[in-house]
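Contents: one structure, followed by commentary.
The values are calculated or read from the model by the stated rules, or taken from the named source; none is laboratory data. If you're wondering where the values come from, they're calculated on a predicted model, not measured in any experiment. Using ideal geometry, Cβ is built from the backbone for each residue, glycine included, and neighbour counts are taken over all protein chains shown. Note: accessible area is taken over every heavy atom of the protein model, side chains too, but ligands, DNA and RNA are not part of it. Shrake-Rupley method; radii C 1.70, N 1.55, O 1.52, S 1.80 Å.
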Amino acid sequence: MAKSLVNTNAKFGTLPVFLTALSTILGAILFLRFGWAVGQVGFLGVIGIIILGHVVTIPTAFAVAEIATNQRVQGGGAYYIISRSFGLNIGGAIGIALYLSQAISVAFYIIAFGEAFEPLISWIAKTYHFYIPDRRFISVPTMALLSILILTKGANVGMKALYVVATILLASLVVFFMGDSPLQPTEINLHHKIENNLNFFYVFTIIFPAFTGLAAGLGLSGDLKDPKKSIPRGTLWATVVGMVIYIAVAYKFAISASPEDLVSDQLIMQEIAAWGPIVPVGLAAASLSSALGSIMVAPRTLQAIGFDDIFPQNSINHWFAKGRKKDNEPINGSLVTILIAFVFVFVGDVDFVAQIISMFFMVTYGAICLISFLEHFAADPAYRPTFRSRWEFSLIGTLFSFWLMFKMNATYAAISVVIMSMIYYVIMLNNDENQGLNKLFKGVIFQLSRQLQIILQRADSEKDTSWRPFGVCISHDTFKRRSAFDIMRWISYKYGFGTYIHFIKGLLNEKTTEESKKVLDRLIQLSAGSKNRVYLDTIISPSYTSAIAQVVQLSGISGKGNNLILFEFSRTDPGNLKEITGNYQIVESAGFDICILNTSYKSFGYKNEIHIWISPEDYVNANLMILLGYIILGHPDWKKGKIKIFALYPEEDIEAKRKQLMELIKTGRLPISPANISMVPFESGSRKNVITQYSADADLTIIGFSTDALNDMDEFSEGYNDLGNILFVSSNRAKAIN
């Protein structure tokens, strides 16, 4: 197996990249289908096709140049770039699709090479009455000869042949532009096209492979002395030069022949050129050079895929990755490529093969543009390309790539997405590590989160009459009792934001830091199975008091400051209550609303009923208690739950308070039925007895308190033995229910 994807004898510079890309761009489509396209959609329609095609290819060329100057690009070209940025799983899925398109491209160009012999076949038939009925009599032997050439000589002979055919291609184009066509129409109309012409996007699908040459240049990355220099220069120049030539050729077609002539003769270029025979020679040269480019690139892509252990079997990966000892030439990849190419050569239909190629290349280009776009927003310090594109270009390339896929052929697009999804699934089963993808998307999310937090912080100075919980809970009993975490996940599920912090007592040192990391991992694993949107963290501090002082100064996960803190203690072991009451002044001075959860052996029961108790002393707490009940009820755990409000008031005030509560519920649009509001007469005596009488079967009881009550710990720990969990609530200020 190859130790590296780089050819140790690499000696190619920028010119091979430029020529490989340009000769693929100015290939078979130019000679066989471009005049046909002008006849089908008119000159202006073809200009639209050129512009639309380059809206994808130019951003891709910029993205390729950018990514290639950020990292050491090894063999595998476009696959290497995608996999190292998007991760091996997605990169492998796209890479296999890219490889197939490159392998099929070999067949496409060989089929086109056979079409170049049409004038010769016609001359032989007319002169010697010997007619060759099928172009495959030419394309199949040509494929066989090309296979022998690549298997025995490799990329070096391919590059030597490339210089020759590029020269012939240039000469044929010059002679074409010099021609004075006898078919020239009497009136030149740039809008003119044939009647009953084909759909614009169908024509675009057939023509698009003409603009995909930049991928051919990428494939030589492992054989370049300086890929960071050669790839940007070669691909960008080839893309721009190709676009200019195509515009000029389209204009030459439009002024040299009628749309009917352009559509009826696929080799109309020889009728227009100053010397006709050079056109079939140019077509043969262009087709052969493109076939050479593709048959050099495709095996290297397959070699890189095997090198990354993408396939399920190690033996298969080893076989594909293995290169020839002296120059790392991918002989095994070439064999597979040749077999695939032979299958499609036997099909023999240029248009059919062109549609498949267009679809796979469009997926690849969209992925490359998407990588560049995401890298801009991830702002990873490791991403430092010497060539900088703009994220707007990459976004445009991404959107147009995926839009054009479905405009070209929705059925093919859907099939290609399904096939790639299946390939991805198989790769994912055999590769647990999704290298690169998590890192890239995490970077994007971090940047978006940062921007949103800054926006929220700046907007925080504005008056906001509505209230939502930005809660924080600090506890050292996380792994003993889960009730406090449940409260946090309920209030942060839909309407609020929650941060749960596990307290570790001690000094900050290597040992406690390592412990905090293990605790955090354990917290994340424990919370993974629950429906929660709570941000989890740990804090190391010498005392509970210092930990609280640090926590109340932290910014919330939302980007705004926290406004609510939750403490908890066990009814059977109320030792934590002393810590809570001893530190409430710190929290109160910070302007927090305070919640104290009293947990019992009943826990939250069946999560059917929340009882809220309002007394005359709760004029500040009442709205917060109702809001918290409503917010908790929004979690799926409480989907069958309901709120019951109990108002403790003297008999003479009951009717007035009932109307007040009804109006509050009505204007606040809270889902509390009037039937669930109970007015409980209460003059004097033990309030706890009344609450126990009515709420013994409640799953959560919410009771208001004033901070003065914290001086008496019995107020929270005694007298509620028969109740389930109790949430004591103290509001820093009255909340408005709008």
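3J(HN,Hα) along segment 340-350: 5, 4, 4, 4, 7, 5, 5, 5, x, 9, 4 Hz, from the Karplus curve 6.51 cos²θ - 1.76 cosθ + 1.60 with θ = phi - 60°, whole Hz, x for Gly and Pro. Under 5 Å from the amide H of residue 609 lie the amide H atoms of 642, 699, 700, each residue being 5 or more positions distant or on a separate chain, with H modelled from the backbone and absent for Pro and chain starts. Residues whose amide H comes within less than 5 Å of that of residue 649, counting only those at least five positions distant or on another chain, are 680, 682 (H built at 1.01 Å from N in the peptide plane). Net charge near residue 704: determine it from the other residues with C-beta under 13 Å of the C-beta of residue 704, scoring Lys and Arg +1 and Asp and Glu -1. Surrounding charge for residue 704 is -3. For segment 472-565, the share of accessible area belonging to carbon and sulfur comes to 52 percent (1.4 Å probe, ligands and nucleic acids excluded).
Sites listed here are chymotrypsin sites (Phe, Trp or Tyr not before Pro) in segment 260-320 whose DSSP assignment is loop and whose Cβ has at most 14 other Cβ atoms within 10 Å: 275. Between residue 603 and 725, the built amide H atoms are under 5 Å apart, and every one of these is 5 or more places off in sequence or on another chain. Expressed as a whole percent, the accessible area of segment 671-738 that falls on carbon and sulfur atoms is 42 (1.4 Å probe). Each of 506, 524, 540 was scored by the projection of its Cα onto the charge dipole of segment 500-566, and the greatest displacement toward the positive side belongs to 524; charges sit on the C-beta of Lys, Arg, Asp and Glu.
Computed over protein heavy atoms with a 1.4 angstrom probe, the accessible surface ordering of 545, 212, largest first, is 545, 212. Rounded to the nearest Hz, the phi-derived 3J(HN,Hα) couplings of segment 592-606 under the Karplus curve 6.51 cos²θ - 1.76 cosθ + 1.60 (θ = phi - 60°) are 7, 7, 10, 10, 10, 9, 9, 9, 10, 5, 6, 6, 9, x, 9, where x marks glycine and proline.
Each part gets one Cα centre, and for segment 578-629 versus segment 113-133 those centres are 93 Å apart.
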